[in-house]
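Chemist: Got a structure for you, written out below as structure tokens; questions coming shortly.
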């Protein structure tokens with residue numbers, strides 16, 4: 001009930017931002033047009049936003065029959081944890097890209113998909129990959145994926161509509177005027193980002209906790225978050241930079257932080273997330289920082305006692 005109410009309130013707020021932009025660009029007529037567009041986009045996004053996001057990132061579906069052992073292990077672990085969590089079998093995807101990251105999408109658990117970048121699969125050990133994908137399965141379990149996919153679509157539309165106003169709006173017969181339209185083009189995307197922030201941070205903490213329960217290994221997720229955060233801003237994600245509204249879907253903010261798109265982060269502090277997970281695991285000492293050599297992480301991850309782990313062992 002809480003998730004459903006939260007989703008409804010978020011969509012209502014984003015729709016309101018969309019209508020306000022339409023009104024100030026085109027008056028009452030503009031607002032009515034924006035209302036029709038928002039209604040159509042909500043309906044379209046409900047059924048298709050997951051496909052749009054997966055296509056946007058060039059995600060490729062994989063299964064247990066993949067020729068690459070690393071991919072087979074990844075798929076097998078995701079399906080095993082989904083079954084353990086009582087979830088329907090999700091579709092599993094891989095995204096080409098060096099930045100280590102992952103996300104989940106889909107309008108409900110019956111139509112869910114999880115995706116990980118090649119960079120994540122190569123950088124983390126098997127235990128850490130399981131922790132990350134358990135976090136994504138927790139998003140599916142909590143039905144956060146519907147919120148993430150629809151808000152990413154509508155927030156992107158708010159920015160697009162505001163930019164359109166710069167070229168086609170702002171004459172003397174319209175409420176905003178030229179100066180108002182320029183201000184709107186700047187403020188509307190920020191307002192949409194603030195609405196996304198309103199629930200996304202709490203959602204990430206809940207998914208961390210749920211993922212720790214699904215994997216049974218909160219320290220593995222904490223270790224993975226430290227490594228991903230260390231490298232996420234070293235390896236650019238060009239698709240995310242071009243489509244910043246989708247950044248909130250990833251386990252770690254994929255934006256480089258070099259532009260204003262990252263001014264309002266939709267993700268909570270990684271250090272706070274790690275601390276919460278280590279408390280959940282009964283650990284008090286801070287997690288060790290990942291060892292970085294030049295532009296590459298250590299090639300073969302090891303456990304604390306020095307043994308190689310995961311599919312690399």
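Computed from the coordinates by the stated procedures, all read-outs in this text should not be read as laboratory data. Computed from a predicted model, the values in this text were never measured in an experiment. In this analysis, Cβ positions are derived from the backbone assuming ideal geometry, glycine residues included, and neighbour counts consider all displayed protein chains.
Chemist: Take segment 114-135 and flag every residue that is in contact with a helix residue (DSSP H, G or I) (Cβ under 6 Å, 6 or more places away or on another chain) and under 19 Å from residue 246 (Cα atoms).
Modeler: 114, 132, 133, 135
Chemist: Quick one: how many residues across segment 86-97 are buried (at least 18 other Cβ atoms within 10 Å of the Cβ) and either at positive phi or assigned to a loop (DSSP other than H, G, I, E, B) (or both)?
Modeler: Looking only at that region, the number is 3.
Chemist: Could you list, in sequence order, the residues of segment 98-124 that are buried (at least 24 other Cβ atoms within 10 Å of the Cβ) and in a loop (DSSP other than H, G, I, E, B)?
Modeler: 99, 100, 101, 106, 112, 124
Chemist: Could you list, in sequence order, the residues of segment 212-237 that are assigned to a helix (DSSP H, G or I) and under 15 Å from the mean Cα position of the chain (by Cα)?
Modeler: To start, the set of residues in segment 212-237 that are assigned to a helix (DSSP H, G or I) comprises 212-215, 218-232.
Passing the criteria: 225, 228, 229, 232.
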